[in-house]
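Quick notes on the structure that follows.
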Amino acid sequence: MRRWAWMLGGLIVWFVHFMGVYGIASLADVVSRADDPLWRMIGLAFSGACLLAALAIAGGAARGLRRAGDPSARFGDQLALLGGGVAALAIVWQALPTVIGY
């Protein structure tokens, strides 16, 4: 199970980010306005934390690929690197409307 969590770690972070940003925007819309600067900063801080987590997974997988290991471990590291990279790119893409103000 640990190996599966490692291979899917980036995608899990992306899922948590997607649901978290949606929840933050929904809560902001109920409390005040979704484009209120305070709520935008909360969303950006959450996005930054998720981005750091995705990059940490990708970095750990890249370090794992440099080590000589068995093929199944290398395959897991390749998937973790791919998932972390895709998650990082998606998190940046999803945070852009908050950055530019829409």
Checklist outcome for this item: Averaged per residue, the 1.4 Å probe accessible area of the chain, protein heavy atoms only, in Å², is roughly 65 Å²
Checklist outcome for this item: Carbon plus sulfur, as percent of the 1.4 Å-probe accessible area of the chain, comes to 74 percent
Item to check | Equivalent ellipsoid semi-axes - Cα gyration tensor, the chain, angstrom | outcome: 33, 12, 8
Item to check | From phi via Karplus (6.51, -1.76, 1.60), per-residue ³J(HN,Hα) for segment 10-16 in Hz, x at Gly/Pro | outcome: x, 5, 5, 4, 4, 4, 4
Checklist entry - What is the chain's relative contact order, in percent, from Cα pairs under 8 angstrom and six or more apart in sequence? => result 43 percent
Checklist entry - Helix 71-100 versus the longest principal axis of the chain: what is the Cα-based angle in degrees, 0 to 90, to the nearest 10? => result 20 degrees
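The values are calculated or read from the model by the stated rules, or taken from the named source; none is laboratory data. Everything numeric in this text was worked out from a predicted model, so none of it was measured. When the accessible area is computed, the model is the full protein with side chains, heavy atoms only, and any ligands, DNA or RNA have been set aside. Shrake-Rupley method; radii C 1.70, N 1.55, O 1.52, S 1.80 Å.
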